Amino acid sequence: MSTKSLSINPASGADSTQAQEPAVKSFSSSSSNLNNVEVDEVEEFDLDDYKYDYHTGNPAVYVGTYHKYNCGSIFGMWFDLTTFADYDEFCAVCRFLHRDEDDPELMCQDYENYPEEWYSEDIMSEDIFDLIQEFAELDEDEREAYEAFLDVKCDSHISVDDFRDAYQGEWDSEEDFARYIVEECGMLDNVPESLKDYFDFERYADDLFRWDYDYQDGHVFCC
């Protein structure tokens, strides 16, 4: 069952801060991604420190629980994922929010401003959390290019460093990039001007993008 259709609007202010706070309880989590997180006691947190402001454009996720959802409630909170020191803190704050449940099974009901490939109803893994924090440091143009790179590689676990190593910029076409390579490498420097117009840039581009480069949504990447 996809919960993306819930469309929980972060601008609406619908989150746990307007609900009565439940009593603090101790529990152990059974969630697969929380097995290595110590949860003997629920720490105290100021939830306002982690609340998402949609004006920032930061990666965010709305976290409820499966139990509440099955009972007809989408009680939860939009979290700004850049406000957490690490994955353990993120999990601890989510548990603190839902401390009225002995063993909350966390449910990510909506998300904003990070690649769709990283979204799951189940609480995200630590690897994905770390990738999202790296992604948050990119500017708008870099984020667009990074998402194109994910599409090219069909791999959701690509680091920002790997992306930057592969990225060759934005180009109008494959042929446009091929012209740049020819000029940058001086491939026609010793060719008489009268013969340069006979160089087949389209065919050269075909060869480049068959073996050495990928082109996606106007962005070029090394293979």
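Readers should treat all values here as calculations from the given coordinates under stated rules, not as data from a laboratory. In this text, all values refer to a predicted model and were calculated from it rather than measured experimentally. Note: ideal-geometry Cβ built from the backbone for every residue, glycine included; neighbour counts use all protein chains shown.
Can you list residues whose amide H is under 5 Å from Asp122's amide H, if they're 5+ apart or on another chain and H is modeled 1.01 Å from N?
Cys108
Would you please state which residues of segment 148-163 a label at Trp171 would reach in this model, taking the label point 7 Å out along Cα→Cβ and a backbone N cut-off of under 16 Å?
Backbone N within reach: 149.
Would you kindly derive the ³J(HN,Hα) couplings of segment 53-69 from the backbone phi angles with the Karplus curve 6.51 cos²θ - 1.76 cosθ + 1.60 (θ = phi - 60°), listing them in order in whole Hz, with x for Gly and Pro?
10, 5, 5, 6, x, 6, x, 8, 9, 9, 10, x, 9, 5, 4, 5, 4
What does the highest-first list of 103-111, 154-162 look like by mean Cβ count within 10 Å?
103-111, 154-162
Could you go through segment 198-205 in sequence order and give the Karplus-derived ³J(HN,Hα) for each residue, using 6.51 cos²θ - 1.76 cosθ + 1.60 with θ = phi - 60°, rounded to whole Hz, and x for Gly and Pro?
So the J values, rounded to whole Hz, are 8, 5, 8, 5, 5, 5, 5, 4.
Taking each pair of different alpha-carbon atoms in segment 133-198 once, compute 1/r for the pair, average those values, and report the inverse of that mean as the Kirkwood hydrodynamic radius in Å to one decimal.
For segment 133-198, the Kirkwood estimate is 14.3 Å.
Under 5 Å between amide H atoms, partner at least 5 residues away or on a different chain: which partners does Thr65 have, H built in plane at 1.01 Å?
Those lying under 5 Å, H to H, from Thr65 are Met107.
Using 0.36 nm per residue, how much length does the chain from Glu144 to Glu121 gain when fully extended, once their Cα-Cα distance is taken away?
Contour length minus the Cα-Cα distance gives 5.9 nm.
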